[in-house]
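> Pasting a structure here, questions to come.
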């Protein structure tokens, strides 16, 4: 049984695909539920994990998307980590339009994922984190990644 749920909707000319769960060895069974389209936007907010077999299955699937305009939104850290480590993890010419960056406050032991959006916190060549991020108590938080590694997929950062 597949450990990922695929939800598709059509908005104008764009096929919107929400992936919820894990990309693993069962992904190939679920990817058949995603129809071909001229423009596909993957919403990865519900993506929880990707294992090594899932990486292989994802690359096989996404390499077959040539001819489609591909974009990704709400990319969690598990996805961005693979984009940075695995050559060809995202299809050539695709765009990440938004992704989450983990923040942490050591004093309160609080964590928060902050959404970075293309054109606001990052561009094709630079990252501009918000000047201040606070947790629910109003305490300042620090970025909880190694910026040079996590933002590697952004050319010029």
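> Mind listing whichever residues of region 82-96 are closer than 24 Å to residue 142 by Cα and free of Cβ contacts under 8 Å to residues at least 40 places away in the same chain?
As a first pass, look at region 82-96 and keep what is closer than 24 Å to residue 142 by Cα: 82-85, 96.
Those that are closer than 24 Å to residue 142 by Cα and free of Cβ contacts under 8 Å to residues at least 40 places away in the same chain: 82, 85.
> Can you tell me which of 93, 88 is in contact with a helix residue (DSSP H, G or I) (Cβ under 8 Å, 6 or more places away or on another chain), exposed (fewer than 14 other Cβ atoms within 10 Å of the Cβ) and either in a loop (DSSP other than H, G, I, E, B) or at pLDDT 95 or above (or both)? Walk me through it before giving the result.
Working: 93 fails: in contact with a helix residue (DSSP H, G or I) (Cβ under 8 Å, 6 or more places away or on another chain).
Only one candidate qualifies: 88.
> Which of the residues that make up region 118-157 are within 18 Å of the chain's Cα centre (by Cα), free of Cβ contacts under 8 Å to residues at least 40 places away in the same chain and surrounded by 12 or more Cβ atoms within 10 Å (Cβ to Cβ)?
The answer is 118, 121, 122, 123, 126, 127, 129, 147, 151, 154, 157.
> Identify, from the list 59, 55, 40, 34, the residue that is surrounded by 15 or more Cβ atoms within 10 Å (Cβ to Cβ) and either part of a strand (DSSP E or B) or free of Cβ contacts under 8 Å to residues at least 24 places away in the same chain (or both). Can you show your working first?
Working: 59 fails: either part of a strand (DSSP E or B) or free of Cβ contacts under 8 Å to residues at least 24 places away in the same chain (or both); 55 fails: either part of a strand (DSSP E or B) or free of Cβ contacts under 8 Å to residues at least 24 places away in the same chain (or both); 34 fails: either part of a strand (DSSP E or B) or free of Cβ contacts under 8 Å to residues at least 24 places away in the same chain (or both).
Exactly one residue qualifies, and that residue is 40.
> On the given criteria, is residue 68 over 10 Å from the mean Cα position of the chain (by Cα) and in contact (Cβ under 8 Å) with a residue 12 or more places away in the chain?
Numbers: over 10 Å from the mean Cα position of the chain (by Cα): yes; in contact (Cβ under 8 Å) with a residue 12 or more places away in the chain: yes.
Yes.
The values are calculated or read from the model by the stated rules, or taken from the named source; none is laboratory data. This is a predicted model, so every value here is computed, not measured. In this analysis, Cβ positions are derived from the backbone assuming ideal geometry, glycine residues included, and neighbour counts consider all displayed protein chains.
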